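Everything on this sheet refers to the single structure shown next.
Computed from the coordinates by the stated procedures, all read-outs in this text should not be read as laboratory data. Quantities reported herein were computed from a predicted structural model and do not represent experimental measurements. As a convention, Cβ positions derive from the backbone with ideal geometry for all residues, glycine included, and neighbour counts pool all protein chains shown.
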Amino acid sequence: MKSMKNIVLFGLACFMQLVHFDAQAQQDPKFNQYMFNPLGINPAYAGSREAISGVALFRNQWIGIDGAPTTQSFAIHGPLMNKKMGLGFQMSNDNIGARNTINAEFDYAYRFPLLKGKMSLGLGAGFNYFTFNWNKVTFKDAADVVPFYGQSQILTPDVDFGAFYNTRKLYIGIEFAHLLEPKANFSAADSLLSLGLAYKQFRHMSLTFGRAFVLNKHLTLKPSILYKQAGLYQGVLDLNVSVLIDEKLWAGITARPNYGAAVILEYVIAEKYRIGYSFDYPFNALRYTNGSSHEIFLGIDLALRKSPSVSPRYF
C-alpha cells in the first residue's frame, strides 16, 4: 500500500500532465485565429460560408518550455444543395507533456431564416483518443516514483451542441462542448486502481460575437469577442479588433486579460485562398521563459455551383 505522500505526489504529477491549462482553466486547445475557423468552436457554423470550406491550423505554444502544447487542427464543411443543412468534419491532434489527445468530430447543422439573417442549430458527435506516456513522467524524489511504464490509451465518445446566428455583417454564437464529460481512467495496474485516478474533461461553454463596420471602400473594422469557460473554473476572455484592408488583408490584435496579447494577420488570395499567421506573447510569469506562441493558418473556399459568391467574407 503506497503512502499518502506517494499518492498525493502521483496525483499531482498526473494532474499537471493531463489537464491542458492556459493562464486560466482550459482543457481544449486554444487558437488565436478562432475567428477564421468558427467551426472549431461551434458545430452550428457548418455550411455558413455558403461554400465548401477547408481550414488547417498549426500551433506551437509557449516556445522554450519543455513539454509545452503543440496542436494541429483540420476542418472541412459546407451546405447541402438545399442550403437548409450543413455538414462538417473536424479533427485535431493536441500534445502536451506526457499526454496526447486526438479528437475527431462529425458536425450537422440545420439552418433557417430569422429576421435579417439565418439561425443555425448544430450537433457534433465524435470521439477523443487519449494516450498517456508514463515514461515522460518524472519525479523530484526517486523514492516517490510510482511504477507505471509504457503507454495507456483510452477512447471516449464526445458530443457538442451549438447555436449560431448571422447576417452578412454580424454573428453571435453559443456552444456547449463535451456534454458527456468524457473520463479517462489511466490506472492500468491493480495496485493503482484504488487511487481512483482519472482524467475528466469538463463541460465547456463558449460565447462568440462579432460585428463588421464598413468604414469606406478600403477599410472595414471588425471587433469580436470569445468567452470560454470550463466547468466551474474562471472563464477566459479574448477581445479582438481587426481591420480588413482593401478586401485582402486582415490585421488585428487580441487582448487576453491575465495572460497577454496576440497579433493576427490573414491574407486573402483570389477570393478563395487564405493564409494567416499569429504571434502571441504572455505578460504574466511565462514571459521569463520566452513563452511566446506561433500559429499558421491555411484556408480554401470552393464556391458551389449556381451559388452566388459573397465577397468579401467577414467571417
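Near the amide H of Phe31, within less than 5 Å, lie no amide hydrogens of residues on another chain or at least 5 residues away, with H placed in the peptide plane.
Hey, quick one: spin label on Ala303, modelled 7 Å out along Cα-Cβ, who in the range 260-279 has an amide N within reach, i.e. under 15 Å? Under cut-off, by backbone N: 269-273.
Scanning residues 5 or more positions from Arg203 or on other chains, those with amide H under 5 Å from its amide H are Gly231, with H placed 1.01 Å from N in the peptide plane. Derived scalar couplings between HN and Hα for the range 112-128 equal 8, x, 8, 6, 9, x, 10, 9, 9, 10, x, 9, x, 9, x, 8, 10 Hz in order, rounded to whole Hz, by the Karplus curve 6.51 cos²θ - 1.76 cosθ + 1.60 (θ = phi - 60°), x for Gly and Pro.
In the structure shown, the pairs Lys83/Lys217; Lys84/Lys222; Lys84/Lys118; Lys222/Lys272; Lys169/Lys217; Lys30/Lys228 are assessed against 18 Å; a Cα-Cα span above that value is assigned to Lys83/Lys217; Lys84/Lys222; Lys222/Lys272. Note on Glu181 and Ile52: the extension gain reaches 43.3 nm, defined as 0.36 nm multiplied by sequence separation minus the Cα-Cα distance. Placing a label point 7 Å from the Cα of Leu155 along the Cα-to-Cβ direction, the residues of the range 71-105 whose backbone N falls under 15 Å of that point are 102-105. Sorting 163-175, 103-115 by average packing, meaning the other beta carbons within 10 Å per residue, from highest down gives 163-175, 103-115.
Working note: Karplus 6.51/-1.76/1.60 with θ = phi - 60° gives the range 75-80 the couplings 8, 9, 7, x, x, 6 Hz, where Gly and Pro are set to x.
Here the spin labels are modelled as points 7 Å beyond Cα on the Cα-Cβ line, and at Ala270 and Lys248 they lie 1.5 nm apart. Computed from backbone phi with θ = phi - 60° and the Karplus coefficients 6.51, -1.76 and 1.60, the 3J(HN,Hα) list for the range 232-245 is 9, 6, 4, x, 10, 10, 10, 10, 10, 10, 10, 10, 9, 9 Hz; x is used for glycine and proline. Highest mean packing first, where packing is the average number of other Cβ atoms within 10 Å per residue, the peptides 204-215, 265-276, 67-78 line up as 67-78, 204-215, 265-276.
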